Amino acid sequence: MRLTRFALVAGALSVFLNAAAASRQVERIALRTIAERQGMTIREDGEKSATLTGPNCSIACFLDKSSYVVNGVCVYGQGAAERSLGGLTIPLNDWKYVLEPLISGRKVPAVRCICIDAGHGGRDSGAHSAAFNLSEKSLNLDVAQRLYKLLRDKGFKVLMTRDGDRFVPLEKRSSIANCGKADLFVSIHFNASENPTAHGIETYIVPQQGTTATARLSSPLRAQDNIFCQNNKFDDCNLLLAHSIEGKLIRLKGVRDRGVRRGRFYVLENVHCPAVLVECGFITNQTDGALIAMADHRQAIASAICDGIVNYTP
Ligand SMILES: [Zn+2]
């Protein structure tokens, strides 16, 4: 979609306003401005991408794409990178809410107690794959139990929202984490799609106030997008935790990085600590399904999530 542009100078910042077709105005910032302010170098790779590099970080941006690669991990923003005034610009909110928190090296609170949420259960089976005879609720529990042991061995106190094949309402799941004073909440799921080629791993966080879920990026903001939910207090920590876990998971053999995304999941919105929901692969895809059917791979998933948590902790 083409956007009408007009420039606005705000102090030293080159910020642009776009009248989006979705009738939202999007402030933009030039990559060159970010590079100057952060002391980063910028390398333009032809017309279509650019990479910012600092002492301990790198950010790759791509023309017309709403995702970035931050320190090797795909992370979704709110709008596409565009070319204006001879360089790439990105939405200012992507810098403020996504990129800056990830590269600033900010401190996170101590983690003692972790709540693991095995998605679905009982009468709620979640996704199903006839080809591999895989049921999501069983896979979620299997990975959750493996993760439980790994985290206990690391010395964390660990809570489970379910430890068997039983139905647990969503509000009960958040309240188990909240009543148990969990410092982190990790929900485990597996994905399914009508498109059999869809594959890879995604890690979700709650959208920041005033932003949309990744699946609705091209749609106008809805009223609920402007509500500050309980979990929005932890926006930066959510992002750092998701980035850390996704970064470990995508090192597993044969998996694809589908990125850190935002989704308005009830179970995340109502948790009073940093929270992520991990979609550990598509049970409807030939490659992912064959991997997920193997216990060794599920153990590797649990181990990568554990490593991601440990890497996140101060
Ligand atoms: Zn699920």
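The values are calculated or read from the model by the stated rules, or taken from the named source; none is laboratory data. This one's a predicted model, so the numbers in the text were calculated from it and none came from an experiment. Positions of Cβ are backbone-derived with ideal geometry, glycine not excepted, and every protein chain shown enters the neighbour counts.
List the pairs whose first member sits in the range 236-258 and is in contact (Cβ under 8 Å) with a residue 12 or more places away in the chain, whose second member is among the acidic types (Asp, Glu) and surrounded by 19 or more Cβ atoms within 10 Å (Cβ to Cβ), and whose Cβ atoms are under 6 Å apart, counting only residues at least 6 apart or on separate chains?
Taking only residues 6 or more apart or on different chains, the pairs are Ile250/Asp257; Arg258/Glu202.
Is it the case, given these coordinates, that Leu139 is within 16 Å of the ligand (Cβ to nearest atom), touching a residue at least 40 places away in the same chain (Cβ under 8 Å), more than 30 Å from Leu221 (Cα to Cα) and out of contact with any Asp or Glu (no Cβ under 8 Å at 6 or more places or on another chain)?
yes
Pull out all pairs, ordered by first then second residue, where Cβ-Cβ is under 7 Å, the residues are six or more apart or on different chains, the first lies in the range 283-295 and is within 11 Å of Val255 (Cα to Cα) and among the acidic types (Asp, Glu), and the second is in a loop (DSSP other than H, G, I, E, B) and modelled with pLDDT of 95 or more.
Asp288/His199
For the range 53-70, state whether one or more residues are part of a strand (DSSP E or B), in contact with an Asp or Glu (Cβ under 6 Å, 6 or more places away or on another chain) and under 30 Å from Val206 (Cβ atoms).
no
Say we look at the range 27-52 and pick out the residues that are among the acidic types (Asp, Glu) and part of a strand (DSSP E or B); which of these is surrounded by the fewest Cβ atoms within 10 Å (Cβ to Cβ)?
Looking at the filtered set, the residue picked out is Asp45.
Considering the range 71-92 alone, what residues qualify as being over 21 Å from Arg258 (Cβ atoms) and of a type outside the set (Asp, Glu)?
Those that are over 21 Å from Arg258 (Cβ atoms) and of a type outside the set (Asp, Glu): Arg83, Ser84, Leu85, Gly86, Gly87, Leu88, Thr89, Leu92.
Answer with yes or no whether Ala144 is more than 11 Å from the ligand (Cβ to nearest atom), surrounded by fewer than 16 Cβ atoms within 10 Å (Cβ to Cβ) and not acidic (Asp, Glu).
So Ala144 fails the test.
When you look at Val70, is it in contact with a strand residue (DSSP E or B) (Cβ under 9 Å, 6 or more places away or on another chain) and outside the structural domain of Tyr204 (by TED's automatic domain parsing), yes or no?
Answer is yes for this residue.
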